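Take a look at the structure set out below.
Quick note: the coordinates plus some simple rules give every number you see, no bench work behind them. As the structure is a computational prediction, the values presented were derived from the model and not from experiment. Methodologically, a virtual Cβ is constructed for each residue, glycine included, from the backbone with ideal geometry; neighbour enumeration extends over all protein chains shown.
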Amino acid sequence: MKKTDLQETTNYILCYTRLPQEEVIYSPKLAYSMHLGYSEDGKYFTDLNHNSGVLFAKATNNEDGTLNAKSLKNPYIFELSDGTYGVVAVRTEPYGEVDTSSKGKVLLFTSSDLLQYKEVGLIDLRGDAYVDDVTCKYKKKKEAYVIKWSDGKGNFYKNYLKDMTILNSASAPEKAKAFEIDSVYAGIEGIVQRNVISVPKELAHRLVCKLTVPTNIKIEVPESITAASEAELKAVRATAVYNDGTTDTKLIDWDMAGIDWSKSGTYQVKGRVHQEHYVFPVATNRADPCIGKWNGKYYFIATNDADGNHSLYIREADNIPDLVNAKEALILDSVTFEGIGGLLWAPEFHVVEGQLYIYHGATPGEFFCEESHVMQLREGGNPMCKEDWSRPYRALKKDGSFLCEAGKTISLDMTNFEINGEYYVAWSERQFMPVDLGAWIYIAKVDPKEPWKLICDPIVITKPDYGWANNHVFVDEGPFTIIKDGKIFMTFSSALVDETYVVGLLTADMNADLLKQESWIKTNYPILTSRSLPGEYGPGHNAYVIDDNGTYWNTYHARPGVEAPRSSGIRRVHFDIDGYPVLDLPEYRDLTKTLAKVEIKVTVK
């Protein structure tokens, strides 16, 4: 096949890492990961995923349950014999130092689509030296893979493997000639270039669709309708089409001034596609925000950083936009109830079997006694009335004992969701004694009559094992679910609650056994970071609400500056080509202003 013919059927993917920058910009735990670039012709490459990593090395486990953070360097993508892909890389300590447990070994990943990766493990190259650089290719004639590597001292070796997944099956190392990796032009910030591979156009297109933010390129409305009232015209929706082929249904603000609904006739009516406008931040010094729906109204609640987390306030409005300027009412403080002394964190509204609850964290006094609590609105009560809420109930195990032992383990960020008639809670739990394990996310079923009481043993569904999750601190927290099209999407937040805060994603099938860790698939990279949207640092702790038009909204906090306070934002949730949530779609990409004006012919009968 000629090269020109090859270019008609393939595109090119560039593998690279990045130079670390200062901790607040792009720390080593982020830079020492595999990044991807894209090119149609193999000459000029652009970065994907906001120039952020898509593949990270997993932490290793110690006998006491603690984690050892790891990073990687010199990744190399290659094609496996079955047409899928492999990545070999040198595993390092988190900041790029030599990993003694990887001496004479290289780390192997496999992937079918270069988006989701399986860390297979360390291939033993049977060498006595530390691996500094590595390449790998499949040789059809030998029906084996050849791994070439160097030790950083000018020595080069090669090994053969028949089966990459049998990690201890490599041949003895042989001396080899030096290898080089072809360079390409890629004006990408901080790039440490690795290799380029050709891939089918379909695979490259999917990578671009999944790892870039979509843009509205077209608005579709019916050419004409027959209507008898304003309501029928208002029911007409616009379809926004995006450059990745996805769509979204939007309201239209019609100019009906010229229509006489009492007489038959035909009118050419102009309108404008409707878009809510939320300037970030919508609330300063408010973190972990959540919007809930109850009895036809919307309610906003958040952690109150303004007073050191000693109170919770609620806002009420007829719609989400009016919540931004709505008055606040105090519904919980740190002096009313014995045992509720402060650190009122991460409040969430949840409706369980027709009853409204607020899940939140609280402590009698100190951080090491923080625990998940639940408040219940009395029958017929007013959410804006403090006296209509019960005292907070502390979360309990199935045997009736407290979920965590105060002073040794804390729990927080508990959320609730219903699947197939059963209610689940997920939360973040951190053991401090006898050793600090970091914060892990657990899940369990809960009694819907007493939704602060578990009815089964909890299981862990994620630990902060990737570099983006243990950046500065080992933390996974803030779970919240979107349930759509047969899938459960659970976002969670990781790392320190500063500008390095990020959002990860777990996905499960609705019919899976949610109490098995293997039912939850974790995306290798965070889906929302400080690189996602300019001027929003450390985004995270998401909660979601569906408005009356069926639109999903994300409430989250971020910082309007590196040193600025945590503040709340609201943004529409888009759904990508696979139906997965997109959290970084800004308003100007969501609706292209030049496309917003529309017309329709209305026949009145």
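Peptides 578-584, 173-179, 184-190, 553-559 ordered by packing proxy, namely the average of other Cβ atoms within 10 Å per residue, highest first: 553-559, 578-584, 184-190, 173-179. Taking the 0 to 90 degree range and rounding to the nearest ten, how far is the long axis of helix 201-211 tilted relative to the main principal axis of the chain, both from C-alpha atoms? Its long axis makes an angle of about 50 degrees.
Annotation: lysines with alpha-carbon distance below 21 angstrom to Lys141 (same-chain offsets under eight excluded): Lys158, Lys162, Lys175, Lys177.
Scattering from segment 474-605 was approximated by placing one identical point on each alpha carbon and applying the Debye formula without solvent; log10 I(q)/I(0) at 0.09, 0.15, 0.19 1/Å stands at -0.32, -0.77, -1.12. Entry note, segment 47-94: relative contact order of 30 percent, from Cα contacts under 8 Å with a spacing of 6+ residues. Per residue, the average separation of C-alpha pairs within less than 8 Å and at least 6 apart gives the chain a relative contact order of 12 percent. Every helix of 4 or more DSSP H residues in the chain counts as -39500 (n - 2.57), and over all residues that averages to -1500 deg cm²/dmol at 222 nm.
Once the mean of 1/r is taken over each pair of separate Cα atoms and inverted, segment 169-282 shows a Kirkwood hydrodynamic radius of 20.4 Å.
Checking a compactness column here: for the chain, what do you get for Rg(Cα) / (2.2 N^0.38 Å), N being the number of residues?
So the chain has a normalised radius of gyration of 1.07.
With the convex hull drawn over the C-alpha atoms of segment 3-211, the volume per residue is 137 Å³. Value of Rg to Rh for segment 286-583, rounded to two decimals, is 0.93; Kirkwood radius and Rg both from alpha-carbon coordinates.
About its Cα centre, the dipole of segment 286-583 is roughly 160 debye, where the only charges are +1 on Lys and Arg Cβ and -1 on Asp and Glu Cβ. Calculation over all alpha carbon pairs of segment 14-89 in 10 angstrom steps from 0 returns a P(r) of 17, 40, 31, 10, 2, 0 percent.
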